[in-house]
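All of the numbers you see were taken from the coordinates with simple rules; none came from a lab. Fair warning: this is a prediction, and the values are worked out from it, not measured in the lab. Here the Cβ positions follow ideal geometry from the backbone for every residue, glycine too, while neighbour counts run over all protein chains shown.
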Amino acid sequence: MKMICFNFLICLSFLNAMNIQNESFEQNVFYEKFINHPSYENALNLAKYFYQIKDYQKAVFWAIEANEFELLEKEAWLVFINAKLKLGKYEDALRAKEEYEKLLGNYFE
């Protein structure tokens, strides 16, 4: 029984190592896409990727980069706001929400 549990733990360790390698691979692919073709979509993919792996500081950075391309697109704003909330920066998140609403208001007036 001990041998089965030990083998199971080794298998789990291997699977976790594979996930880490895959995350690194995905990150490199996203970076390469952005470097070769800087765009809203590629910056947003990086922001979403970092949010998904709980690297909220980098998610904020890439959400800002995405906004440099398309200021009125809401998805990058949502990543930014949610990442700020996860970081405990509630005032920053609220200011960003209000700023986005103001931008939309000015655009549609």
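Numerical summary
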item	result
Sorted peptide list for 32-41, 59-68, criterion being average Cβ within 10 angstrom, highest first	59-68, 32-41
Net charge dipole size for the stretch 46-103 [Lys, Arg +1 and Asp, Glu -1 on Cβ; Debye, nearest 20]	300
Two-site label geometry, Glu41 and Lys86: point separation in nm, points 7 Å out along Cα→Cβ	2.4
